[in-house]
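See structure below.
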Amino acid sequence: MQSQSPNEQILFGLEEHLKQEEYCRKTFQRWTEVTRRFLRYLDKRHIAVEVAEPSHISSYLTSELRLFRQRYHRSPYPIRLWRNSHTGGIHMLLRLAQGQWPPAAVPSTSLEAFHRQICEEYASWLRDFRGLAPQSRSDRCAEARRFLVWLGERGNQQNLLAISSTDIDVYMTARAKSQRRISLKGCGTRLRDFLRYLHNCGRVTRDLAAAVICPTLYAFESIPSSLRPEHIQAVLEKTRQDRSRTGLRDYAILMLLSTYGLRAGEVTALQLDDVDWQKEVLRIRHSKTGVQSELPLLVPVGDAILDYLQKGRPQTPERRIFIRARAPYRPFQSGASLYTPIRRRLAAAGVEPAGKRGPHAFRHARAASLLRAAVPVKEIGDILGHRAAASTAAYLKLATEDLRSIALEIPVEVTP
């Protein structure tokens, strides 16, 4: 039996990967064809696939575009889709061949290398000494990187020692131009944390954390976004009519959000073992508090989950309940991944709430319905997975109708 060439082995590995991930036949054929042509392109230029770079992909696409125009006497339209039909398979091929794609950017200057070093050390400190979650570390490092880039040459190893409160004020003023109050508050909080770190590790001479001035957000200053009961019913009815795999999945997710008021991350984290069908119990890992609670598995919710598992969920070894509807069949990366499908379901049902349109609006609506049912605040907090009563108190603002019922009438004699 003739041994396979290195390129043939890579192509075989790509084909097996596409089959394992259950990509559709059209995608399988297109990506294997494109990658075969790309490998021939590299061979002619004596470039090994293990050392291919983004510039090689750009050159290949330029040559393919030229051939397309020669053959059809026009440009592909839309060109973005044409480009994606090439790069999707090529990027997957290079991930299999090199282990990572796109490759990690190499700092082009000593200043960029210094900034990367600081951010990597800061990330390690946040993980090892602060014990922050990956998303929190990512947010703080992004703000640190943005601040260092804004400093420019003043952000090198020598000049960083001399940054002052004036620099902080100018930076926050620049950030305020494109941020809302609540977003600017978050920027200031993250910047304070980074400045404390710089002082603790001796990279700045003064602790400038106190110099960060950002908006004050008052407790309960705004009313959370909430959906009305008729809105929720309309979304559930419209989604239930969709018997596709995506419809079955989204309906089960909406039932969990509207019935229990779960956080989006708690829904995406649900695993097959978290549903105890015999005891009719649903185990929830609360993403913020880290505790686990058990909720009764109500029949409508259980039926929706079971319907999805039997008729909609792709065949995959993953243990998470909810899986992406398109290959590669993977769990949702985080709770934020639910925002797009939820917004689409709201739009399909003709529901246009005044506030936010994400999964958290269902949580607020559930809290409001419990308040209207005269459920004690402590019990509402237990249901929602709150550790402190103050967290539940924010939802009291949602019971506006109840407040109107006890409002005092203004005497006729009183004039403005």
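The values are calculated or read from the model by the stated rules, or taken from the named source; none is laboratory data. Small disclaimer: the values here were computed from a predicted structure and weren't measured. Glycine also receives a Cβ, built like all others from the backbone with ideal geometry; neighbour counts cover every protein chain displayed.
Can you say whether Arg83 is closer than 15 Å to Leu191 by Cα and either touching a helix residue (DSSP H, G or I) at 6+ places or on another chain (Cβ under 8 Å) or free of Cβ contacts under 8 Å to residues at least 24 places away in the same chain (or both), as far as the supplied structure shows?
No.
Do you know which residues across segment 190-248 are at pLDDT below 85, farther than 30 Å from Ala348 by Cα and of a type outside the set (S, T, N, Q)?
If the condition is that a residue be at pLDDT below 85, farther than 30 Å from Ala348 by Cα and of a type outside the set (S, T, N, Q), then Cys214, Pro215, Leu217, Tyr218, Ala219, Phe220, Glu221 are the ones that fit.
Checking Pro76 against (1) modelled with pLDDT of 90 or more; (2) surrounded by 12 or more Cβ atoms within 10 Å (Cβ to Cβ); (3) in a helix (DSSP H, G or I); (4) not hydrophobic (A, V, I, L, M, F, W, C), only one condition comes out false. Which one?
Condition (3) is where Pro76 drops out.
I want to confirm something. Restricting to segment 342-358 and keeping residues that are among the aliphatic types (A, V, I, L, M) and at pLDDT 80 or above, which single residue is nearest to His231 (Cα to Cα)?
So, considering only residues that are among the aliphatic types (A, V, I, L, M) and at pLDDT 80 or above, the one nearest to His231 (Cα to Cα) is Val351.
Can you tell which of Leu61, Leu126, Leu65, Leu94 is surrounded by 12 or more Cβ atoms within 10 Å (Cβ to Cβ), hydrophobic (A, V, I, L, M, F, W, C), within 30 Å of Thr189 (Cα to Cα) and out of contact with any Cys (no Cβ under 7 Å at 6 or more places or on another chain)?
Leu126
Go through (1) over 16 Å from Ala325 (Cα atoms); (2) out of contact with any strand residue (DSSP E or B) (no Cβ under 9 Å at 6 or more places or on another chain); (3) not acidic (Asp, Glu) and name the single condition Ile253 misses.
(1)
Within segment 228-243, how many residues are among the charged types (D, E, K, R) and either under 14 Å from Met255 (Cβ atoms) or in contact with a Phe, Trp or Tyr (Cβ under 8 Å, 6 or more places away or on another chain) (or both)?
Number of matching residues: 4.
Considering only segment 129-145, how many residues are out of contact with any Cys (no Cβ under 9 Å at 6 or more places or on another chain) and surrounded by 15 or more Cβ atoms within 10 Å (Cβ to Cβ)?
5
Any residue in segment 10-39 that is in the same structural domain as Leu67 (by TED's automatic domain parsing) and over 22 Å from Trp82 (Cα atoms) sitting within a Cβ distance under 6 Å of a residue that is part of a helix (DSSP H, G or I) and not hydroxyl-bearing (Ser, Thr, Tyr)? List the pairs, counting only those 6 or more apart or interchain.
Once the first residue is in the same structural domain as Leu67 (by TED's automatic domain parsing) and over 22 Å from Trp82 (Cα atoms) and sits in segment 10-39, its partners that are part of a helix (DSSP H, G or I) and not hydroxyl-bearing (Ser, Thr, Tyr) give Ile10/Ala97; Gly13/Leu96.
Of the residues that sit in segment 230-265 and are of a type in the set (Asp, Glu) and surrounded by fewer than 23 Cβ atoms within 10 Å (Cβ to Cβ), which one is nearest to the chain's Cα centre (by Cα)?
Restricting to residues being of a type in the set (Asp, Glu) and surrounded by fewer than 23 Cβ atoms within 10 Å (Cβ to Cβ), the top hit is Asp242.
Is one or more of the residues making up segment 171-180 modelled with pLDDT of 90 or more, surrounded by 13 or more Cβ atoms within 10 Å (Cβ to Cβ) and under 21 Å from Trp125 (Cβ atoms)?
Within segment 171-180 (the criterion being modelled with pLDDT of 90 or more, surrounded by 13 or more Cβ atoms within 10 Å (Cβ to Cβ) and under 21 Å from Trp125 (Cβ atoms)), the answer is no, since none of the residues qualifies.
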